[in-house]
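To start, the structure itself, in structure tokens.
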Amino acid sequence: MTRILFQNANLVLADSIREGSLVTEDGKIVDIDAGSHVQADEVLDCQGHHILPGVIDDQVHFREPGLTKKEDLETASRACAAGGVTAFLEMPNTKPPAITIEGVREKEKIAARKSRVNYGFYIGATPDNVSELAQASEVPGIKIFIGSSTGNLLVDQQEALERIFAETTLPICAHCEDESTVRANAERLAGTTNVADHSRIRDENAAVIATTRAVDLARRHQHRFHVLHVSTAAELPLLTHPAPYLTAEICLHHLFFNIDDYARLGSRIQMNPSIKTKADNEGLWQGLLEGTIQVLATDHAPHTLEEKSQPYPQSPSGLPAVENSLALMLDQVNAGRCTLNQVASWMSDAPARIWGMVGKGRIEIGYDADLVVVNMDESRTIRDDQQHSKCRWSPWDGETLWGWPTATFVGGHCVWNQATGFDETFRGSKLRFDHSRGGFWNTSDGIGT
Ligand code: DOR
């Protein structure tokens, strides 16, 4: 039995911040109102620091197997640990793609050997793997690329989509960009080498058409559905009436970058869905603050700088973000744009509830001790060559942020500490998903069963 006492911290609870001490025992939170004389094997003085629930990033691309030149589960999970991310849900567009139960189990085996943090893997939909999707279990859900992106996963025929929504019960999430709109725009702009045209090809219309179509499928089939990386303010009205089955996510680059940034950053911010306008940045912030959007994720999608430096459209879409996402949001808290409780809700509690992760996402007695200690008064500058992600660059290179993680704990175990580095021996665990809990709208409290 290992007891750790985190003394004198500011604990970021679900709806308040409490000054006090936290005790973990054998990987779980056992006390959040402890005195300073609690018997413990280890005592950590957290004076002047905050403790948040570890970040749960529900959309990442970690490239293993098959694309390990860009990233692998070791480098990516180290980047997670250094960024305060204690769990990730990884997308199926690896090589081979994870479109069978066996394929998902293979990824879990690699993660068990390599991952520093907790992990889960989506199963990918194809036009003809519905029976595999229907039998899958122990996964967060099904990923559908309704619009194509990196890799060749695509399901955009109505009949195939209807079958997936009708014949499966796992939660579904989707990349929503309308394939015919994108193709028509690409034809119109054929021959362009201007990366800014990426946002004209993958335009607002493409996003709105596909999200409308996906939300309609979810409503008609009453199927649990999560809209990934909403990129336009115009999609928000589709999501404003909370339905028990409907949730949505925004990624950080859609909050922080817009088309004016192509001149400065070029293909570093080439993403699918594309980044949009300044008005969209503002609208998406509003959507988060008002609760229309529940989750903030990264879509961490590393490519090498060499690949990125090819002329558009050969330059691939995707950017790395997992190790800076929390710091970017802590900086926004320091700037007065949002609160620490909101950040914890968007980045930890909401994804845990949406994907039925038992005992995750909160600082509460009985929850797992997946925690991040942060110093809101520390400033650091993001530098390409200091990134742990294998691709070793960041679109935020050169930006100075206030508020950084200083230590990350997974199951009560310190996996990364700013002063001492990584614990190279520890491995994270496979996440458990209890979809019978009913998703975000049915799990406002309690740790589930
Ligand atoms: O820009 C993107 N890149 N968007 C995605 O949805 C996939 C990702 C990747 O895997 O490279």
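The values are calculated or read from the model by the stated rules, or taken from the named source; none is laboratory data. This is a predicted model, so every value here is computed, not measured. Because the Cβ atoms are built from the backbone with ideal geometry, glycine has one as well, and the counts that use them run over all protein chains shown. Quick note on the areas: whole protein, heavy atoms, side chains included, nothing else; ligands and nucleic acids left out. Shrake-Rupley method; radii C 1.70, N 1.55, O 1.52, S 1.80 Å.
Of the heavy-atom accessible surface of the chain (probe 1.4 angstrom), what whole percent is carbon and sulfur? Write down the numbers at each step before the final one.
Values: 7860 of 16380 Å².
That fraction is 48 percent.
For region 411-430, list residues with backbone N below 18 Å from a point placed 7 Å from the Cα of Arg105 toward its Cβ? Of the residues in region 411-430, 430 have backbone N under 18 Å from the label point off Arg105.
Given contacts defined as C-alpha pairs under 8 Å and at least six residues apart, what's the relative contact order of the chain, whole-number percent? Walk me through the intermediate numbers first.
On the way: 1116 pairs, mean separation 92.1, N = 449.
Once divided by the residue count of the chain, the mean separation gives 21 percent.
Tell me whether region 54-359 comes out rounded, prolate or oblate; compute the Cα gyration tensor, take square roots of the eigenvalues as a ≥ b ≥ c, and use a/c under 1.5 as the rounded threshold. It is rounded, given that a/c, with a ≥ b ≥ c, falls under 1.5. Accessible surface calculations at 1.4 Å, restricted to protein heavy atoms, place region 54-359 at 32 Å² per residue. Full extension of the chain between Arg264 and Leu289 yields a length gain of 6.2 nm, computed as 0.36 nm times the residue separation minus the alpha carbon distance.
Of the trypsin sites (Lys or Arg not before Pro) found in region 323-403, the ones in coil according to DSSP and having at most 14 other Cβ atoms within 10 Å of their Cβ are Arg337, Arg383. A cut-off of 5 Å between modelled amide H atoms, ignoring neighbours fewer than 5 places along the same chain, links Gly141 with Ile123.
For region 80-119, what relative contact order do you get, as a whole percent, if you take Cα pairs closer than 8 Å and at least 6 residues apart? Could the numbers behind the result be given before it?
Working: 23 pairs, mean separation 22.1, N = 40.
About 55 percent, as a whole number.
Based on the Cβ-Cβ distance from Asp385 to Ala419, what FRET efficiency comes out when R0 is 25 Å, to the nearest 0.05?
0.80
Only bridges with both residues in the chain count here: give the DSSP antiparallel percent, nearest 5.
Values: 32 of 63 bridges.
Percent antiparallel among DSSP bridges in the chain is about 50.
Sequence-ordered 3J(HN,Hα) estimates for region 334-348 from the Karplus curve with 6.51, -1.76 and 1.60 and θ = phi - 60° stand at 4, 7, x, 7, 7, 10, 4, 5, 5, 4, 5, 5, 5, 9, 10 Hz, glycine and proline given as x. Counting only residues at least eight positions apart within a chain, or on another chain, the lysines with an alpha carbon under 26 Å from that of Lys360 are Lys28, Lys107, Lys109, Lys114, Lys143, Lys430. Taken about its Cα centre, region 79-160 carries a charge dipole of about 540 debye when Lys and Arg each add +1 at the Cβ and Asp and Glu each add -1 at the Cβ.
Size of the dipole of region 314-449 about the Cα centre, Lys and Arg at +1 and Asp and Glu at -1 on the beta carbon, nothing else charged, in debye to 20? Present the calculation step by step, with values, prior to reporting the outcome.
Numbers: 12 positive and 16 negative charges, 89 e Å.
Roughly 420 debye for region 314-449.
Once R0 is set to 41 Å, what does the formula 1/(1 + (r/R0)^6) return for the Cβ-Cβ distance between Glu42 and Arg392, expressed as a FRET efficiency to the nearest 0.05? Don't skip to the end; give the middle numbers.
Numbers: r = 33 Å, r/R0 = 0.82.
My answer for the efficiency is 0.75.
Annotation for region 411-438 versus region 223-290: alpha-carbon center distance of 28 Å. DSSP bridge analysis restricted to region 2-58 gives an antiparallel fraction near 65%, rounded to the nearest 5.
Subtracting the Cα-Cα distance of Glu138 and Ala184 from their residue separation scaled by 0.36 nm leaves 12.7 nm. The spacing between region 74-151 and region 302-373, judged by their C-alpha centroids, is 17 Å. Highest GNM mean-square fluctuation among Gly361, Gly103, Gly124, for the chain modelled with Cα contacts below 10 Å: Gly103.
How high is the relative contact order of region 273-321, in percent, with contacts defined as C-alpha pairs under 8 Å that are six or more residues apart? Working shown, then result.
Details: 31 pairs, mean separation 15.4, N = 49.
Taking the mean separation of contacting Cα pairs over the length of region 273-321, I get 31 percent.
Students often get this wrong: which residues of region 87-122 have the backbone nitrogen under 16 Å from the point 7 angstrom along Cα-to-C-beta of Glu307? Of the residues in region 87-122, 91-98 have backbone N under 16 Å from the label point off Glu307.
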